[in-house]
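Undergrad: If you scroll down you'll find the structure; I have some questions about it.
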Amino acid sequence: MHKLLDYICSELENIERKAERDDSLTMTEIQYADTLLHMKKNLLKSEMLTDEIDGYSRGYSNARGRGSNARRDSRGRYADGGYSRGTMVETIRDMMEDAPDDNTRLEFQRFIDKLERR
């Protein structure tokens with residue numbers, strides 16, 4: 001998830017530099033920035049909720065044989081080895097469904113394709 005947040009922050013910084021340089025942005029760039037900001041907010045909220053779920057369920061995880069330090073992904077499922085690429089792609093696909101337009105959905109799809117190639 002941290003790589004995804006780094007990517008989002010980098011894209012937002014690029015948009016900010018363009019706005020400073022050109023003193024204007026296209027509507028597409030503004031919508032892309034808005035989508036990136038929503039995505040960042042959702043990822044940070046998801047991480048916060050996961051931490052809360054981990055804290056709440058810590059007592060129950062021992063009974064399920066996972067141990068008190070068992071990690072969970074953003075949806076509260078047990079994660080082996082941390083946040084999996086598959087889960088990240090699922091999260092992005094969910095956010096893609098909420099995208100405001102086809103261009104933004106296409107950007108999400110390109111990013112998903114890039115992640116799946118790695």
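The values are calculated or read from the model by the stated rules, or taken from the named source; none is laboratory data. Predicted model, so just to flag it, every value in this text is computed and none were measured. Backbone-built Cβ (ideal geometry, glycine too); neighbour counts: all protein chains shown.
Undergrad: Any chance the stretch 14-31 includes a residue that's assigned to a helix (DSSP H, G or I), surrounded by 12 or more Cβ atoms within 10 Å (Cβ to Cβ) and of a type in the set (Gly, Ala, Ser)?
TA: Looking only at the stretch 14-31, we keep the residues that are assigned to a helix (DSSP H, G or I), and these are 14-22, 27-31.
Adding the requirement that they be surrounded by 12 or more Cβ atoms within 10 Å (Cβ to Cβ) leaves 14-16, 18-19, 28-31.
Narrowing further to those that are of a type in the set (Gly, Ala, Ser): 19.
Within the stretch 14-31 (the criterion being assigned to a helix (DSSP H, G or I), surrounded by 12 or more Cβ atoms within 10 Å (Cβ to Cβ) and of a type in the set (Gly, Ala, Ser)), the answer is yes, since at least one residue qualifies.
Undergrad: Do the conditions hold for residue 76, that is, is it out of contact with any strand residue (DSSP E or B) (no Cβ under 9 Å at 6 or more places or on another chain), modelled with pLDDT of 55 or more and not in a helix (DSSP H, G or I)? Write out each step before concluding.
TA: Values: out of contact with any strand residue (DSSP E or B) (no Cβ under 9 Å at 6 or more places or on another chain): yes; modelled with pLDDT of 55 or more: yes; not in a helix (DSSP H, G or I): yes.
Yes.
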